[in-house]
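*Asks:* Can you read through this structure? Questions will come right after.
The values are calculated or read from the model by the stated rules, or taken from the named source; none is laboratory data. Values in this document were obtained by computation on a predicted structure and should not be read as measured data. Note that each Cβ is placed from the backbone with ideal geometry, even for glycine, and that neighbours are counted across all protein chains shown.
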Amino acid sequence: MQSELARMAAVYEKQTNVLRRRAEAANAAESRLREVLQRQRDVKQERQERKLTSSNANGNISGGLPRP
């Protein structure tokens, strides 16, 4: 009886440790995913801003003065 209780406690402790490691791994993966997605949004926004800036520069060759 006592040995069975000790065995069950050991199994419980192992399961707890496995679940803790899995949760830590999942949190780390989620964090990396959030970072990657944020970086993608930043790059996309930067590209759009550069495209907008370059299209504005091409359209304002006359120095920004309105054409008569």
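*Asks:* Scanning for something under 11 Å from the mean Cα position of the chain (by Cα) and of a type in the set (A, V, I, L, M, F, W, C), does the range 5-21 turn up at least one residue?
*Replies:* No, because not a single residue in the range 5-21 is under 11 Å from the mean Cα position of the chain (by Cα) and of a type in the set (A, V, I, L, M, F, W, C).
*Asks:* Please verify whether the range 43-60 includes one or more residues that are surrounded by 10 or more Cβ atoms within 10 Å (Cβ to Cβ), modelled with pLDDT under 95 and not in a helix (DSSP H, G or I).
*Replies:* Yes.
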